[in-house]
RNA sequence: GGAGAGGUGGCGGAGUGGUCGAUCGCGCCGGUCUCGAAAACCGGAGUACCUGCAAGGGUACCGUGGGUUCGAAUCCCACCCUCUCCGCCA
């Protein structure tokens, strides 16, 4: 959500930033609503003030026992009431109109974000690791002999339809090990606080992170109006909704391992084979709540947390800055990490770390107080995947595949696998 | 799911129609006293919005949304949440 006062102070800057996102100017339209709104508020509140004063006089007349005066005032107020009520209603309507206009406008990119139209204009900022040289033709994860027995799309289709998977045996164990490894690393080495949250949330929570009202069709809703979270960003970020946090308690750095649910509306035909794009998947999420001044430093820190996981797993990746045209709705700046998938012979997104500045905080009314007596200000919020577990499983399997159909597993996972080091071509953990 | 109790400012807790944005206690901030602290005493302090150069003024907020009334924290209705007991259950 944008601050209308900031737009009022510098409409040109607002429009210029929108233009960088490829959007038409909106400030004059917004300011027109704002002016009408403020004029109506003034009128309505002045009328209300006059009425309040009269009511007080009525009380005093009553107390003095001046019945005639009391009746006179009471009737006077009664007469004015309709007018005043109408004004209040109009002011309210105009207020809602402004809110409705503001809440669907995406966040503005920071100046340092490269300008661009779509994903082709994203800018690589670093690469880590070298894609392995294979002496055979590497295949996609679902075609690896040792993986096949443990990754069953047909059974999942029977249960749930397309874009679901049933995992079995060794593959499941590796999947679980990955999540555990990520959480342990974040908690023990990155000092993130392990958190466990609901995955069913109220509309307010979805609104707070910006998933509503604009992107309702991307998520699922239950019959009693809960939403299934598309990411733990929703729950972790909203833990501070409505709060005024003591500045000394910032930053708050959290991590959680949850199921995520996405309708994938609009991705029809994209990534239809394998478990790259599912309606239900697991993700270890990171969320940081901090002061606006520290947000960029925290963003780099969070990015490093995600990169560290990939490095420890020995998975080659590159980190890119999304250009203005490719950023998500709530983001001011986004780093994507793309992992090398030899089966596809390309890098694919495995993590996305964004700073939202005060954009989400304003929607959630999440504030902090710098010191005692200081005025509350909105916090900054950041979120990032650390990492998508399912996609990480794919990367581990594809990068570790051998000519005979077996899979060598990263050393850091061995302790989580009871000392086993590979999946045999027959699909056994050995 | 059934029965009951309750949701008031950072916390506790008054307040059942009129000057209540709200008594009081604790905590917090400033000051006096003190070498310093504690105690005691004095003073201060909510949030958002509108208006104003400012000082200030105004509106709203006592779980949420409606309603009654000249006037609502107080009355009425609906909903949400918490707690206790019972039932059911991973």
Exercise. Within region A:1-11, can you find the residues that are within 12 Å of RNA strand B (Cβ to nearest atom) and in contact with a helix residue (DSSP H, G or I) (Cβ under 8 Å, 6 or more places away or on another chain)?
Worked result: A:1, A:3, A:4, A:6, A:7, A:8
Problem set entry | Filter pass, residue A:415 being in contact with a strand residue (DSSP E or B) (Cβ under 8 Å, 6 or more places away or on another chain) and at pLDDT 95 or above | no
For this session: Hand me the list of strands (runs of 3 or more DSSP E) wholly inside region A:297-409 holding 2 or more residues that are in contact with a helix residue (DSSP H, G or I) (Cβ under 9 Å, 6 or more places away or on another chain) and either at pLDDT 95 or above or buried (at least 24 other Cβ atoms within 10 Å of the Cβ) (or both).
Result: A:317-321, A:333-341, A:346-355, A:380-388
For this session: Identify the residue in region A:47-70 that is in contact with a helix residue (DSSP H, G or I) (Cβ under 9 Å, 6 or more places away or on another chain) and under 24 Å from residue A:95 (Cβ atoms) and, among all such residues, is nearest to RNA strand B (Cβ to nearest atom).
Result: A:48
For this session: Test each condition in (1) within 30 Å of residue A:30 (Cβ to Cβ); (2) within 12 Å of RNA strand B (Cβ to nearest atom); (3) buried (at least 16 other Cβ atoms within 10 Å of the Cβ) for residue A:107 and report the one that comes out false.
Result: (2)
For this session: Would you check which residues across region A:12-44 are surrounded by 15 or more Cβ atoms within 10 Å (Cβ to Cβ) and within 15 Å of RNA strand B (Cβ to nearest atom) and list them?
Result: A:30, A:31, A:33, A:34, A:36, A:37, A:38, A:40, A:41, A:43, A:44
Exercise. For region A:177-204, what are the residues that are in contact (Cβ under 8 Å) with a residue 60 or more places away in the chain and assigned to a helix (DSSP H, G or I)?
Worked result: A:177, A:178, A:179, A:180, A:181, A:182, A:183, A:185, A:186, A:187
Exercise. From A:324, A:258, A:288, which residue is closer than 29 Å to residue A:414 by Cβ and assigned by TED's automatic domain parsing to the domain that holds residue A:175?
Worked result: A:258
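The values are calculated or read from the model by the stated rules, or taken from the named source; none is laboratory data. Remember, it's a predicted structure, so these values are computed and weren't measured experimentally. So basically every Cβ, Gly included, is an ideal-geometry build from the backbone, and we count neighbours across all protein chains shown.
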